[in-house]
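The values are calculated or read from the model by the stated rules, or taken from the named source; none is laboratory data. What you see is a predicted model, and the numbers here were worked out from it, not measured in a lab. Glycine gets a Cβ as well: all are built from the backbone with ideal geometry, and neighbour counts include every protein chain shown. All accessible areas refer to the heavy atoms of the entire protein, side chains included, with ligands and DNA or RNA removed. Shrake-Rupley method; radii C 1.70, N 1.55, O 1.52, S 1.80 Å.
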Amino acid sequence: MRGVTVGLVSGAVALLLGQLGCLDAWELPTWNWRARFFSPREQVSPQIKLILLDQGSLDWVQNEIGEGWPWPREIYGPIAAFCKRGGAQALAFDLLFTEPSTYGVYDDEALGTALQEGASTILAVMEGQQSDTWPTYLKRPAYEVNGVALIEGQMMFPVAEIATGAVAGGHVKGDPDSDGVYRRLTPFYRFDETAIPALGLAIWLSNQTDVEIKVLDRTLQVGEHHIPIDEDGQVILRFKGEQGMPAAVSAAAVIQSELRLQEGEEPVLSPETFKNCWVFVGCSAPGLLDLRPTPIDPKSPGVVMHTTFLDNLVTDSFIKEVPTPAVVVGVLLVSVAAALSLTYGGRWWQAGPCSVLWLVVSLGIGLAAYARGFWWPLVVQEIGTALALVGALGMNYWAEGRQKAYLKHAFKHYLSGEIIEKILRDPGALQLGGEKRELTILFTDLAGFSTFSERLSPEELTALLNDYLTEMTDIILAEGGTLDKYEGDAIIAFWNAPLQQDDHAVRACRAVLRCQRRLAELRDIYRERTGAELRMRVGLNTGEVVVGNMGSSQRFNYTILGDAANLAARLEGANKAFGTETMVSQSTWDQVSDRFSGRQLADLRVVGRKSAVGVYELTGLAEDATPSHWPTFDEGLKWFWAGDFKAALAKFESLPDDPAACHYVERCRQLIMEPPSDWDGVWELTSK
């Protein structure tokens, strides 16, 4: 029920947003890329051809004939003659001849005569301020079409001298969608009780007889063709071809070809090019200002709208709007299915693939619908699916969160948050056993704790420890550490378990530095409470241990076990031998030396271990300044390792303010008095 409810609500929200037009800004671009995806895969009818007044044609007329734009109208005469010579079905001019020629009435009469003698020609008419009645010199269409859009106002018609050579007129009015892109065309406009067909429809009707035209329930029936129309009486165009347009030739090439044929010469184009074709003439030169944005091309010749209309008509391939009830059912079904899939499969490794699957399904519905000739609101579908997926995940987390919150509240005083999370994700982890893993392990202890604790009452000591341990633990947890346990004033923690942390050594070192600095900030406050300076000794080591639940079958702890943990504990105590506060092992230093500053203290052999380990004093971040006397300490250390204790003593004695150097002074004097028989440079501790 939860999944079904989320799906229904999500689908309903998406449908409402779509109905209100809130998604149009996203929907219309998806229209463009769907059209661009399918257009190259579809071919325009080979019976439709296009003659373009391109920039090359303008340049040719300028250079060869010496005429600029606008051309003398007699120049268009060879186009009509060539189309008739080639056997074209009809010729349509997407050009306006609504004003008398600047070259005089003879120029208009010459074109009118050429059109009469040439192919059957349809001329463009346009909404504009010229005439509020149909002119007597232009043949009035005899179609009776009810329920078509009205043109309120005036129309612009070709001048009489030219119009007398045409067989019909077709409107070239077009309106873009809200984003300025032309995707639709109105088949008929009514003006002065006359139904004016669009130019692409007019050229087809020009050689048809007794065609029945009527509007029936969102369908315009034109003879045997059924054209789907939207609620505004417009058709949705399906653009085809690489550029969304039919095969095109230059107007200059057509004019040259006709003139050459008249002179008995070889033409540039064969007249067979237009045999049995519907031919359109339009403009593609930018300066002629007839470029329109279409889904395929932001600068498409305006005539492409009419060639596309004719192609869709003769191939019955107009895009149909999917009925609203079908959209509602489809969106709700997919939304409910998506929500249910995540309601039952809401784990992280299931949620990702399921979400991708359903979003791809939604996309596939839109693409499949377009391929079948239907317009499906893709963004509405995707939004409904996305809301269902997000809603289902949210409800899953809400339901599971209540259970997790109860468990966390019950166990927060016994287990760390990370352990609780791991148990919640994998209840099977709540059993005895462990795994071998490389960890960075921390042991801390307060120097001289036994001495000052005797001066405090139990209540004061408890309050002090609680304050101190809280401050240190907060930092450790903030750096991703896992608290193992407290042993009096000592803290044991580790990194890289139970959660994987590739930078566990860096996190541990950063936590130690933050703890030491925080303790330094609180030192004066603690001195007032204890009468002593609180200083913390820290040992850090990185190595493989067994980490997991250890104990009895009835009670166990999440803890660590292994030699690497023992070494970390020994290093904490080894600080006393060098007068230092933070000591890290070679294995830790190898992973963090580029991020922190420090110095090598010794090759150390701790109690209980046969092998020696390099140890370092961690002092700060890599960018922090290091003491100027460290090079002298390093030289003393080299002499010490070489067994020249007198030379080492001289170096260390020159550093009276360095606690580690002072301890080396004592060690060197002992070794001078009692020289070792077999020296390996290792400082061996005899106590913990």
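Taking amide H positions as placed 1.01 Å from N in the peptide plane, with prolines and chain starts having none, which residues 5 or more places from Q501, or on another chain, fall under 5 Å of its amide H?
Under 5 Å from the amide H of Q501 lie the amide H atoms of N496, each far enough along the sequence or on another chain.
Would you please classify the overall shape of the stretch 1-89 from the alpha carbon gyration tensor, given that a ≥ b ≥ c denote the square roots of the eigenvalues, rounded means a/c under 1.5, and beyond that prolate means a/b larger than b/c while oblate covers the rest?
Cα axes put the stretch 1-89 in the prolate bin.
Where does the stretch 459-509 land on the Kirkwood hydrodynamic radius, alpha-carbon pairs, in angstrom?
It is 11.7 Å.
What length, rounded to one decimal in nm, is gained on full extension from E635 through to L561, with 0.36 nm per residue of separation minus their alpha-carbon distance?
22.8 nm
If you project the alpha carbons of the stretch 237-337 onto their three principal axes, what span does each projection cover, largest first, in Å?
Per principal axis, max minus min of the Cα coordinates gives 73, 32, 17 Å.
Going Cα to Cα from K173, which aspartates and glutamates come in below 12 Å? Please leave out same-chain ones fewer than 8 positions away.
Reachable aspartates and glutamates: D94, E127.
With every protein chain left in place, what is the accessible area per residue of the stretch 589-688 in square angstrom, probe 1.4 Å?
So the stretch 589-688 comes to 56 Å² accessible per residue, rounded to a whole number.
Once amide H atoms are placed 1.01 Å from N in the peptide plane, what residues at a sequence separation of 5 or more from F596, or on another chain, have their amide H within under 5 Å of its amide H?
A622
Choose one of S687, P498, A602: the residue whose Cα lies farthest towards the positive end of the charge dipole of the chain (beta-carbon charges +1 Lys, Arg; -1 Asp, Glu; about the Cα centre).
Going by the charge dipole, the pick is S687.
Please give the helix 563-578 orientation as an angle from the longest Cα principal axis of the chain, in degrees from 0 to 90, rounded to the nearest 10.
60
Using packing as a proxy for protection, rank 298-304, 135-141, 197-203 so that the peptide with the highest average count of other Cβ atoms within 10 Å comes first.
Order by mean packing, descending: 197-203, 298-304, 135-141.
So which aspartates and glutamates can K436 reach, going by Cα to Cα under 15 Å and dropping same-chain residues fewer than 8 places off?
Of all the aspartates and glutamates, those that pass the test against K436 - Cα under 15 Å, at least 8 places apart if same chain - are E544, D563.
In the chain, if the dipole is taken from +1 on Lys/Arg beta carbons and -1 on Asp/Glu beta carbons about the Cα centre, which of N575, H226, V356 is farthest to the positive end?
N575
Can you find, among A368, G18, G543, the residue farthest towards the positive end of the dipole of the chain? Put +1 on the C-beta of Lys and Arg, -1 on that of Asp and Glu.
In the chain, that residue is G543.
Quick one: which residues, 5+ away or cross-chain, put their amide H under 5 Å from the amide H of I229? H built at 1.01 Å from N.
Those lying under 5 Å, H to H, from I229 are T219, L220.
Could you check how much of the accessible area of the chain is carbon and sulfur, as a whole percent, using a 1.4 Å probe?
Answer for the chain is 53 percent, counting heavy atoms of protein chains only.
Plugging the Kirkwood radius over Cα pairs into Stokes-Einstein for the stretch 523-595, at a temperature of 20 °C and a viscosity of 1.002 mPa s, what D comes out in µm²/s?
For these conditions, the coefficient is 145 µm²/s.
Measuring from centroid to centroid over Cα atoms, what is the spacing of the stretch 256-304 and the stretch 145-219 in Å?
That distance is 22 Å.
Out of all Cα-Cα pairs in the stretch 125-216, roughly what percent, to the nearest whole number, are more than 16 Å apart?
Result for the distance tail: 56 percent.
How would you classify the stretch 47-191 from its alpha-carbon gyration tensor, with a ≥ b ≥ c the square roots of the eigenvalues: rounded for a/c under 1.5, else prolate if a/b is greater than b/c, otherwise oblate?
It comes out prolate by the Cα gyration axes.
Hey, got the dipole for the chain? About the Cα centre, +1 on K and R Cβ, -1 on D and E Cβ, debye to the nearest 20?
With only Lys, Arg, Asp and Glu charged at Cβ, the dipole is about 2760 debye.
Any idea what angle helix 251-262 forms with the longest principal axis of the chain, computed on alpha-carbon atoms, 0 to 90 degrees, nearest 10?
30
Between E653 and A463, what length comes free when the chain is fully extended (0.36 nm per residue of separation minus the Cα-Cα distance, one decimal in nm)?
Here the segment from E653 to A463 would lengthen by 64.1 nm.
Please say if the stretch 261-317 is rounded, prolate or oblate, where rounded means a/c under 1.5 for a ≥ b ≥ c the square roots of the C-alpha gyration tensor eigenvalues, and otherwise the choice is prolate for a/b larger than b/c and oblate otherwise?
It is oblate, given that a/c is not under 1.5 and a/b is not larger than b/c.
I need the phi-derived Karplus couplings for the stretch 366-377: 6.51 cos²θ - 1.76 cosθ + 1.60, θ = phi - 60°, integer Hz, Gly and Pro marked x.
So the Karplus estimates, Gly and Pro as x, are x, 5, 5, 5, 4, 4, 8, x, 10, 9, 10, x Hz.
Using the Karplus curve 6.51 cos²θ - 1.76 cosθ + 1.60 with θ = phi - 60°, work out ³J(HN,Hα) for each residue of the stretch 225-237 in order, rounded to whole Hz, and write x for Gly and Pro.
9, 10, 9, x, 10, 8, 5, 9, x, 9, 9, 9, 7
Taking the Cα centre as origin and putting +1 on Lys and Arg beta-carbons and -1 on Asp and Glu beta-carbons, what dipole magnitude results for the stretch 1-122, to the nearest 20 debye?
Its charge dipole is roughly 1000 debye.
Using +1 on the beta carbon of Lys and Arg, -1 on that of Asp and Glu, and nothing else charged, what's the dipole of the stretch 8-67 about the Cα centre, debye to 20?
460
Please go through the stretch 603-688 and write out the chymotrypsin sites (Phe, Trp or Tyr not before Pro) that DSSP classes as loop and that have at most 15 other C-beta atoms within 10 Å.
Hits after loop and neighbour filter: W679.
Where Rh denotes the Kirkwood radius from the mean inverse Cα pair distance, what is Rg over Rh for the chain?
Reported Rg/Rh (Cα atoms, Kirkwood Rh): 1.32.
Could you work out how far helix 324-344 tilts from the main Cα principal axis of the chain, as a 0 to 90 degree angle to the nearest 10?
That works out to roughly 10 degrees.
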